[in-house]
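Asker: Before I ask anything, here is the structure I am working with.
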Amino acid sequence: MEKIAERLLDLRQNMKLTQQKLSKLLGISQTAINRYEHGETAINANALLKYADFFDVSADYILGRCDDPQGKKYGYQPEFLKDKLANSDEWKEFVEMCFSPGSPINNKLKEMLVQMAGNGIEK
């Protein structure tokens with residue numbers, strides 16, 4: 001429980017939030033936050049999810065199961081898929097075409113990326 005308390009305290013302090021402010025933002029009492037941060041009370045599942053969502057970290061990180069805030073499985077790709085893509089001649093050919101200047105696929109890829117970037121920019 002010591003690791004959890006440390007992580008909760010660090011998350012809050014790194015955002016320069018007081019316990020009172022975080023209490024309002026998460027809908028958790030300031031007393032409960034204080035107890036979690038001092039290891040006096042185990043964090044319940046509901047509060048754990050609120051922390052994870054608010055700070056955009058994995059529950060595994062808060063629980064001390066990993067040191068990566070995004071968790072062990074963030075960006076996870078199953079081994080069978082990695083092997084399949086790495087050993088696929090069709091996949092290698094596709095990637096080569098995407099990045100070969102002047103190829104129709106390269107031009108289409110460029111257009112898609114510009115369009116995607118444009119959709120995210122407010123005018």
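Asker: Give me the residue from the range 4-21 that is more than 20 Å from the chain's Cα centre (by Cα) and touching a residue at least 12 places away in the same chain (Cβ under 8 Å) and, out of that set, nearest to residue 69 (Cα to Cα).
Answerer: Going through the qualifying residues, I end up with 5.
Asker: Something else: Does residue 17 fit the bill of being open to solvent by less than 50 Å² (accessible area, probe 1.4 Å), at pLDDT below 95 and assigned to a loop (DSSP other than H, G, I, E, B)?
Answerer: Considered against the rule, which asks whether it is open to solvent by less than 50 Å² (accessible area, probe 1.4 Å), at pLDDT below 95 and assigned to a loop (DSSP other than H, G, I, E, B), residue 17 comes out as yes.
Asker: So, in the range 39-64, of the ones that are of a type in the set (Val, Ile, Thr) and within 19 Å of residue 16 (Cα to Cα), which residue ends up modelled with the lowest pLDDT?
Answerer: Selected residue: 57.
Asker: Considering each residue of the range 32-46, count those that are farther than 17 Å from residue 2 by Cβ and either of a type in the set (A, V, I, L, M) or open to solvent by less than 70 Å² (accessible area, probe 1.4 Å) (or both), and give that number.
Answerer: The qualifying residues number 2.
The values are calculated or read from the model by the stated rules, or taken from the named source; none is laboratory data. Keep in mind that what you see is a predicted model, and the values were worked out from it rather than measured. No Cβ is skipped: glycine too gets one built from the backbone with ideal geometry, and neighbour counts run over all protein chains shown. Side chains included, ligands, DNA and RNA excluded: accessible areas come from the protein's heavy atoms. Shrake-Rupley method; radii C 1.70, N 1.55, O 1.52, S 1.80 Å.
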